[in-house]
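Presented below is the structure to which this report refers.
The values are calculated or read from the model by the stated rules, or taken from the named source; none is laboratory data. Computed from a prediction, not measured in an experiment: that's the story for all the values here. Glycine also receives a Cβ, built like all others from the backbone with ideal geometry; neighbour counts cover every protein chain displayed. The area values use the complete protein model at the heavy-atom level, side chains included, leaving out ligands, DNA and RNA. Shrake-Rupley method; radii C 1.70, N 1.55, O 1.52, S 1.80 Å.
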Amino acid sequence: MKVLTRKLENEGKEIVHLEIGEPDFDTPENIKEAGINAIKNGFTHYAPSQGLPELREAVAGYISRTRHISVTPDEVIITPGGKDIIFYTMMALLNEGDEVIIPDPGYYPYRTDAELFGAKVVSLPLVEETNFSFNRSVFKSLITPRTKLIVLISPANPTGNLFSQSDLEFIANLAKENDIYVLSDEIYSRIVYEGEFQSIASIPGMKERTIILDGFSKTYAMTGWRLGYGVANKNLIQIFNKFLVSSNSCTATFTQIAGIEALKGNQDAVNEMVRAYKERRDFLYKEINGIEGLSVKKPDGAFYLFVNIKKTGMSSNEFVLYLLNNFGVATIPGSTFGTYGEGYIRISYANSMENLRKAVIQIRKAVEAIKS
Ligand SMILES: Cc1ncc(COP(=O)(O)O)c(C=O)c1O
């Protein structure tokens, strides 16, 4: 799809990019300054592999405060992006034939990484009828003696759904009863519009068996800085550290200094970005539901809409190609995120209101052209 989008642009076609999962905002000034000053002040050498002690301390404090648990710096590892934590967790925990329960639809690296380590991917259906949550008896039926890991993404990519406290308690009980680890992807935890973000790690007895993935990419518009972290028990963190030593040596030092400023500095820019995302979400939610043939649930968080396109009669891949080739709007087929994503497209609203307005006009034309 990327290749096709580039080809169309090279031919002079204007494309509205609603496929990209990263903030359109610039990194806040205070964070940029901290990074620039760090370079000027000589933070251009290796850092300790597990991360700068000041940053690990800041992360431990932040997670302790927001998740209501007690986390120490030796339970934290700083990585070049949250994505590393997916890879490290799977490399540390999975053996050939182990089973991993992964949300479907869900952020696709979970599936590909699990397969890389010879594990069996067990899809947890997240369907629109349950507001993109899950059916409890279905979830229970997926657990077997080989289940090693459950992946949770909340707020979710691609649906924007936030798991409720009672959903989390249900999963926590299953994990405890069956001795299963939970990888809790909390990268969108600060981008929430409805309800309140809850972490499964806050539930008694869960901290020891939960790996929290979080980072700076989404909250602070820092995707290109490559800065994320994992929080887990000390033994796992030590294993993760060996992986990091063998691969990257450490996360860029000046990037980590910028991360300290991000966590400890003024948070007004984050609040402003979330306010803008909410405005865009409300605009798109109303407009898309106003197009006959499309429908969408209101997402609780993140910056995606998962739009039901079933009434168009096209597959999600066909619809995405049709929209891109003929109407200049780039989106992602729901099927990219798993079997249960078929019949949907993912729209990212990390884009300007001006572009979203243009996109809505084009999407409306596209759907009307199918009917006529
Ligand atoms: C659900 C989810 N987890 C993790 C990541 C990885 O983020 P990063 O590696 O930039 O920290 C992303 C990025 O798109 C994501 O959507």
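At a glance:
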{"item": "Helices (runs of 4 or more DSSP H) enclosed by the stretch 1-69 - at least 1 residues per element that are away from the ligand (no atom under 16 Å from the Cβ) and among the hydroxyl-bearing types (S, T, Y)", "result": "2-10, 53-67"}
{"item": "Out of E9, E33, E14, E54, sole residue that is within 21 Å of F319 (Cα to Cα), open to solvent by 90 Å² or more (accessible area, probe 1.4 Å) and either hydrophobic (A, V, I, L, M, F, W, C) or over 25 Å from the mean Cα position of the chain (by Cα) (or both)", "result": "E14"}
{"item": "Options A269, A302, A366; residue that is at pLDDT 95 or above and on the phi > 0 side of the Ramachandran plot", "result": "A302"}
{"item": "Residue count for the stretch 144-169, restricted to those that are open to solvent by 30 Å² or more (accessible area, probe 1.4 Å) and either of a type in the set (D, E, K, R) or over 18 Å from the mean Cα position of the chain (by Cα) (or both)", "result": "7"}
{"item": "Some residue of the stretch 51-70 being touching a Lys or Arg at 6+ places or on another chain (Cβ under 8 Å) and either over 29 Å from E196 (Cα atoms) or free of Cβ contacts under 8 Å to residues at least 40 places away in the same chain (or both)", "result": "no"}
{"item": "Count - residues of the stretch 315-341 that are assigned to a loop (DSSP other than H, G, I, E, B) and open to solvent by 50 Å² or more (accessible area, probe 1.4 Å)", "result": "0"}
{"item": "Residue match in the stretch 222-237 (condition: more than 28 Å from K148 (Cα to Cα), of a type in the set (S, T, N, Q) and within 16 Å of the ligand (Cβ to nearest atom))", "result": "yes"}
{"item": "In the stretch 167-221, residue farthest from D26 (Cα to Cα) [restricted to those that are more than 16 Å from the ligand (Cβ to nearest atom) and of a type in the set (V, I, T)]", "result": "I180"}
{"item": "Output for the stretch 110-143, where each listed residue is over 18 Å from Q165 (Cα atoms) and either exposed (fewer than 13 other Cβ atoms within 10 Å of the Cβ) or among the acidic types (D, E) (or both)", "result": "T112, D113, E115, G118, E128, E129, V138, S141"}
{"item": "Close pairs from the stretch 221-234: first on the phi < 0 side of the Ramachandran plot, partner assigned to a loop (DSSP other than H, G, I, E, B) and open to solvent by 20 Å² or more (accessible area, probe 1.4 Å), Cβ under 6 Å, at least 6 apart", "result": "T223/E22"}
{"item": "Residue within the stretch 157-166 that is within 17 Å of V59 (Cα to Cα), at pLDDT 95 or above and within 15 Å of the ligand (Cβ to nearest atom) present", "result": "no"}
{"item": "Residue tally, condition more than 15 Å from the ligand (Cβ to nearest atom) and either free of Cβ contacts under 8 Å to residues at least 40 places away in the same chain or open to solvent by less than 30 Å² (accessible area, probe 1.4 Å) (or both), over the stretch 242-254", "result": "4"}
{"item": "Options K278, K298; residue that is outside any helix (DSSP H, G or I), charged (D, E, K, R) and closer than 25 Å to G106 by Cα", "result": "K298"}
{"item": "Per-region count, the stretch 211-240, residues of a type in the set (S, T, N, Q) and open to solvent by 30 Å² or more (accessible area, probe 1.4 Å)", "result": "3"}
